[in-house]
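Below is one structure; the comments refer to it alone.
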Amino acid sequence: MKKIYCSLFGHEFKITKHVTRHVKEFKCINCNKQFTTDQSGNITELTPNLREINALLEDIHCKRLLKRQKQHPELLVFRH
């Protein structure tokens, strides 16, 4: 029944993970399908290949943030 609702009215997304500032992972609260943003910024279904890419992106992004904080500790980092 929930899949019928999504096919008629569309998915209702909830953000489950912030990979980077621009890449996020989503989950439909009705049918529990998982989605992510692709390289064009469009929302696509989360495949194992995209899940692996997102994990690598998150790792690189975290390392870059830590490196920047070590080089410039006087800079403030704002996250929202």
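Points to keep in mind about this one:
- Selection status of Lys14, surrounded by 12 or more Cβ atoms within 10 Å (Cβ to Cβ), within 12 Å of the chain's Cα centre (by Cα) and either at pLDDT 95 or above or more than 21 Å from Leu65 (Cα to Cα) (or both): no
- Cβ-Cβ distances below 7 Å connect the following pairs, each with a first residue in the range 58-77 that is at pLDDT below 85, a second residue that is of a type in the set (Val, Ile, Thr), and a separation of six or more residues or different chains: Gln69/Val77.
- Scanning the range 1-16 for residues that are in contact (Cβ under 8 Å) with a residue 24 or more places away in the chain and outside any strand (DSSP E or B) gives Lys2, Lys3, Tyr5, Cys6, His11.
- Scanning the range 28-45 for residues that are out of contact with any Asp or Glu (no Cβ under 7 Å at 6 or more places or on another chain) and among the hydrophobic types (A, V, I, L, M, F, W, C) gives Cys31, Ile43.
- Complete set of residues in the range 17-39 that are under 8 Å from the mean Cα position of the chain (by Cα), assigned to a loop (DSSP other than H, G, I, E, B) and loosely packed, with under 15 Cβ neighbours inside 10 Å: His22
- In summary, Thr44 fulfils each of the numbered conditions (1) of a type in the set (Ser, Thr, Tyr); (2) in contact (Cβ under 8 Å) with a residue 12 or more places away in the chain; (3) part of a strand (DSSP E or B) with the single exception of condition (2).
- Out of Ile53, Ile60, sole residue that is loosely packed, with under 13 Cβ neighbours inside 10 Å, assigned to a helix (DSSP H, G or I) and not charged (D, E, K, R): Ile60
The values are calculated or read from the model by the stated rules, or taken from the named source; none is laboratory data. Keep in mind that this is a model prediction, so the values were computed, not measured. In this analysis, Cβ positions are derived from the backbone assuming ideal geometry, glycine residues included, and neighbour counts consider all displayed protein chains.
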